[in-house]
């Protein structure tokens, strides 16, 4: 019984102490001002002390004198004003804790009590959307909003342009003085990450995850294949026509084995009966050795086996005398 009474008394004392503390949140690197809350008046027998975590004295205020800042806090704190307010400069995480202002005389009187919590700005939450199922007219999605410390997730259903919660409508989680919340506005999902000194929001459009990729139809595939075939045939036909056109424009080239040369006839003379034939512009001729009767005269000039000659067009003969002359010489 006695133990129960003691525990109850301690619990009641803790509740009173907690209610007396005022929680103050400050962004890391900012300045913080703490004011005295209860009225008091200093005199020759009353001094004011600002303390950190109950045991460390920060500053002392004496009647008709300037406030004194103790050596551990020079440049970090400042006491000012008629109510002896305390200013913390460029607060760090090590500055988090309990701050108390007490008036000391025969007894101590608390005139201000704060619990300071230094916080960093929150980071952007990671918002992921996963498609569970989809069809031509609707889809089911799972949305997860997460940070390093905790996460929340929920299901959504979208029909056309309208999306709605498939699970709980109010999604919120709190941990270590920070919170996550998810809410839907039309077809957009919002994820908010916040604490007492900062706030960050991430958003995504849900209907973009419901769009289905349309597969090409059979008619489209057939039309595309036919177009490719006709294109190949057209290119092939153009190549063939171009090759034929180049072949028709080339000059006629004759590769010939001439007939036996009649004795006494020069190479530039036109044989009888061929006066009307037009010689080609260029002639490449393979000349064989004469197979007729060998001459008794010795010729020292060697005959070339291949002759490349530029032959001009033969002029029409003026009379038949030119044709008979070789024969007359042969009869002699």
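The values are calculated or read from the model by the stated rules, or taken from the named source; none is laboratory data. Note that the structure is a prediction, hence the values are computed from the model and not measured. Cβ atoms come from the backbone with ideal geometry, glycine included; neighbour counts cover every protein chain shown.
Quick look at the numbers
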| quantity | calculated |
| --- | --- |
| First in the stretch 91-107 and in a loop (DSSP other than H, G, I, E, B), second anywhere and modelled with pLDDT of 95 or more and surrounded by 14 or more Cβ atoms within 10 Å (Cβ to Cβ), Cβ under 6 Å, 6 or more apart | 91/26; 91/32; 91/118; 96/116; 96/117; 96/118 |
| Some residue of the stretch 151-174 being modelled with pLDDT of 85 or more and part of a loop (DSSP other than H, G, I, E, B) | no |
| Long-range neighbours under 8 Å by Cβ, at least six apart or interchain, first residue under 13 Å from residue 45 (Cα atoms) within the stretch 59-76, second at pLDDT below 90 and outside any loop (DSSP other than H, G, I, E, B) | 63/43 |
| Residue match in the stretch 198-208 (condition: farther than 30 Å from residue 119 by Cα and at pLDDT below 85) | yes |
| Residue tally, condition in contact (Cβ under 8 Å) with a residue 40 or more places away in the chain and not in a loop (DSSP other than H, G, I, E, B), over the stretch 77-90 | 4 |
| Tally, over the stretch 97-121, of residues that are in contact with a helix residue (DSSP H, G or I) (Cβ under 6 Å, 6 or more places away or on another chain) and within 15 Å of residue 39 (Cα to Cα) | 1 |
| Residue check, residue 73 under 60 Å from the mean Cα position of the chain (by Cα), buried (at least 16 other Cβ atoms within 10 Å of the Cβ) and at pLDDT 95 or above | no |
| Positions within the stretch 140-150 being surrounded by 12 or more Cβ atoms within 10 Å (Cβ to Cβ) and under 27 Å from the mean Cα position of the chain (by Cα), in sequence order | 141, 142, 143, 144, 145, 146, 147 |
| Any chance residue 44 is surrounded by 12 or more Cβ atoms within 10 Å (Cβ to Cβ) and either under 52 Å from the mean Cα position of the chain (by Cα) or not assigned by TED's automatic domain parsing to the domain that holds residue 199 (or both) | no |
| Filter result for residue 24 (touching a strand residue (DSSP E or B) at 6+ places or on another chain (Cβ under 7 Å), part of a strand (DSSP E or B), farther than 27 Å from residue 121 by Cα and modelled with pLDDT of 90 or more) | no |
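Residues are listed down the side, and each one gets a yes or a no for (1) touching a strand residue (DSSP E or B) at 6+ places or on another chain (Cβ under 6 Å); (2) at pLDDT below 85; (3) part of a loop (DSSP other than H, G, I, E, B):
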position: 6; (1), (2), (3): no, yes, no
position: 12; (1), (2), (3): no, yes, no
position: 33; (1), (2), (3): yes, no, no
position: 37; (1), (2), (3): yes, no, yes
position: 41; (1), (2), (3): no, no, yes
position: 49; (1), (2), (3): yes, no, no
position: 58; (1), (2), (3): yes, no, no
